[in-house]
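The values are calculated or read from the model by the stated rules, or taken from the named source; none is laboratory data. Small disclaimer: the values here were computed from a predicted structure and weren't measured. Cβ atoms come from the backbone with ideal geometry, glycine included; neighbour counts cover every protein chain shown. Side chains are part of the model used for accessible areas, which takes the heavy atoms of the whole protein and leaves out ligands, DNA and RNA. Shrake-Rupley method; radii C 1.70, N 1.55, O 1.52, S 1.80 Å.
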Amino acid sequence: MHGLFIDMLDKFQAQHPEYDLEYKCLPRARIGKILATGKADAFALSSPMFLCDEINSKYRNSLPLWTVGDYLLVRKNSPLTKSDLLSLTGRTIAVLHGNSYGPLDEYFKKGQLNRHAVYSTSQMLELLLKKRVDAAICNKSTLPGLVKRSGHVMNEFKMLDKPLYTFKLHLMVNREKSGFLHDFNEFIKNTPLPDLQEGG
């Protein structure tokens with residue numbers, strides 16, 4: 001595994017060899033079940049906004065690491081140019097199965113927005129190009145790499161300028177691991193965080 005956050009955790013572990021960090025990649029739906037039981041020591045990267053009360057009662061968030069946003073991705077020639085609720089009402093939007101979409105969940109539940117759940121970003125891109133959905137919700141920071149790995153190119157699509165919402169990313173730590181959370185927060189306070197460049 002690699003990336004800015006993994007690199008940061010490597011630096012943290014170098015300063016705190018008493019912690020033996022083990023990383024596991026799991027589907028989001030399975031992660032939710034594990035978090036609900038309180039069996040995970042920590043979960044990254046997330047925001048309390050996307051977690052249910054049951055999970056938030058078992059985990060505490062670290063100091064914020066980065067602020068990011070979720071955006072709408074559309075076909076390059078799409079007539080959809082705005083990401084406000086009025087423009088999206090009645091539209092079909094691709095989402096990742098098992099993910100929460102914060103303030104949009106209420107509109108999906110009420111049927112004001114139609115959701116088409118898939119299991120990967122590559123499936124979202126295919127649905128967009130085949131015009132089976134009007135838009136897809138994507139994280140601007142990670143999308144270019146995901147598009148490249150799927151065999152597509154960014155100029156097949158366009159991302160609407162205004163984010164649907166923004167949120168702070170945290171490491172969510174099991175409430176029983178208060179010592180680890182304290183040490184991680186102190187590390188964040190004293191270590192310059194790498195820039196998370198959205199869209200690049």
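Brief remarks follow.
- Look at the alpha carbon pairs under 8 Å that are at least 6 residues apart: their mean separation over the length of region 35-107 gives a relative contact order of 34 percent.
- Under 5 Å, built H, 5+ apart or other chain: amide partners of F157: K76
- Rounded tilt (10° steps) of 178-190 against the dominant C-alpha axis of the chain: 70 degrees
- The residues L35, L63, sorted by heavy-atom accessible surface at 1.4 Å with ligands and nucleic acids left out, run L63, L35 from largest to smallest.
- Compared with the dominant principal axis of the Cα atoms in the chain, helix 28-37 is inclined by about 40°.
- Highest-fluctuation residue, G145, G69, G102 considered, GNM on the chain with Cα pairs under 10 Å: G145
- In Å², nearest 10: area of M49 left accessible to a 1.4 Å probe: 80 Å²
- Shape call, region 65-165: gyration tensor on alpha carbons, a/c limit 1.5: rounded
- Stretching the chain fully between C25 and T142 yields a gain of 40.5 nm (0.36 nm per residue, less the alpha carbon separation).
- Using a probe of 1.4 Å on the protein chains alone, the accessible area found for L4 is around 70 Å².
- Subset of K39/K109; K33/K130; K109/K162 violating a 31 Å alpha-carbon distance limit: K33/K130
- By the rule of a C-alpha distance below 17 Å, with chain neighbours fewer than 8 residues away ignored, the lysines paired with K148 are K76, K140, K158.
- Neighbourhood net charge (15 Å Cβ-Cβ; Lys/Arg +1, Asp/Glu -1) for L129: +3
- Selected from P163, P17, P48 as most flexible by GNM, with the chain as the system and alpha-carbon contacts under 10 Å: P17
- Heavy-atom accessible surface of region 53-200: percent carbon and sulfur, 1.4 Å: 48 percent
- Once each of the chymotrypsin sites (Phe, Trp or Tyr not before Pro) sitting in a DSSP loop with at most 16 other beta-carbon atoms within 10 Å is removed, the chain keeps 24-118 as its longest stretch.
- Within the chain, longest stretch free of exposed GluC sites (Glu not before Pro) [DSSP loop, at most 15 other beta carbons within 10 Å]: 23-175
- Point-charge dipole on Cβ atoms (K/R +1, D/E -1) for the chain, about Cα centre, debye to 20: 940 debye
- Loop-located trypsin sites (Lys or Arg not before Pro) in region 52-88 (DSSP state not H, G, I, E or B) with no more than 16 neighbouring Cβ atoms inside 10 Å: K76, K82.
- Trypsin sites (Lys or Arg not before Pro) lying in DSSP loop within region 1-33, provided at most 10 other Cβ fall within 10 Å: K24
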